[in-house]
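Here the structure comes first, spelled out in C-alpha cells, and everything after it is commentary.
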Amino acid sequence: MKLRKKQILMFVSGLIAIVIGLSILSVFAYRRINRELQLRKLMQENIVIEIEALDIKAPVLEGTSQEILSKAAGHFIDTGSVGSGNFCIAGHSSVIYEEFFNNLKNVQIGMEIHLYDKSKTCYRYFVTDSFIVDPDETWILDDFDDDRVTIVTCTDDGTQRQVVVGKISADK
C-alpha cells in the first residue's frame, strides 16, 4: 500500500511540474509572439532601415528616448529627413540582448543601406565610413551639406559609440 501511495504522489508531482513548465513556456511564447506582432506593425507604419548584408531591419520612430529605443531605432529630432540632409538614427546593440544593431560592428565600406519612408519608397545609401567616438561627440549629428544617414550605437562594452555613415545613391 505504501508503494502505491508513493507512485501516486510521484505521478501527481510530475503532472504538476509539467503543468507549471508548460505555463511558463506559454508565457514566454505569448511575449515573443506579441513582440513580433508589434514589430511588424511598427515596420508597416513607420520609416524602416535595412542593411540586408548584416541581417539588420528595424523600424525608426521619432525621438531617442529609452521608451522608443526599447522597441525600435530612433531618429534624432532636428536632424535631416529620409533622403535629405543628415538623417541620424540611434539604436541599441548588446551582446546579451537581441537588439537591432548587434551586427553593425561587422559593417564594411560599400555595403548598401536602405531607408524606406512611410510610403515605403526606398532610398539607397552606401556605407562610406565607420568609426568610434566618445558619447559626448555630438558633431556627428551636424549637417554636412550632403544627403546621408548616420547610424549611432554603443560599442560592445558600452563606453563609446560606433558610428556608421552612408551617403545616398544618385539614383535613390
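Summary of values
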quantity: 5 angstrom amide H check on Glu99, placed H, neighbours 5+ away; calculated: Ser94
quantity: Residue-by-residue Karplus 3J(HN,Hα) for the range 23-33, coefficients 6.51, -1.76, 1.60, Hz, glycine and proline x; calculated: 5, 5, 4, 5, 5, 5, 4, 4, 4, 5, 5
quantity: Spatially proximal lysines relative to Lys167 (Cα-Cα < 29 Å; intrachain offsets below 8 disregarded); calculated: Lys41, Lys57, Lys71, Lys105, Lys118, Lys120
quantity: Note, ³J(HN,Hα) from phi for the range 142-150, Karplus 6.51, -1.76, 1.60, rounded to Hz, x at Gly and Pro; calculated: 5, 7, 10, 6, 8, 9, 8, 10, 10
quantity: GNM flexibility winner over the chain from Gly110, Gly85, Gly74 (Cα, springs under 10 Å); calculated: Gly110
quantity: 222 nm mean residue ellipticity, helices alone, for the chain (DSSP H n ≥ 4; -39,500 (n - 2.57); rounded to 500); calculated: -10000 deg cm²/dmol
quantity: Gyration tensor (alpha-carbon) shape descriptor, the range 19-134, a/c threshold 1.5; calculated: prolate
quantity: The chain: relative contact order as a whole-number percent, Cα under 8 Å and 6+ apart; calculated: 19
quantity: Chymotrypsin sites (Phe, Trp or Tyr not before Pro) restricted to the range 55-156 and DSSP loop, no more than 16 other C-beta within 10 Å; calculated: Tyr97, Phe144
quantity: Simple spin-label estimate for Glu45 and Ile24 in nanometres, 7 Å along Cα-Cβ; calculated: 3.4
quantity: Per-pair calculated FRET efficiency, R0 = 41 Å: Arg31 and Glu137 via Cβ, rounded to 0.05; calculated: 0.65
quantity: C-alpha center-to-center spacing [the range 11-55, the range 68-146] in angstrom; calculated: 26
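Where a number appears in this text, it was derived from the coordinates with a stated rule and is not lab data. This structure is a prediction, so every number in the text was calculated from the model and none was measured. Quick reminder, even Gly has a Cβ in these numbers, built from the backbone with ideal geometry, and neighbours come from all protein chains shown.
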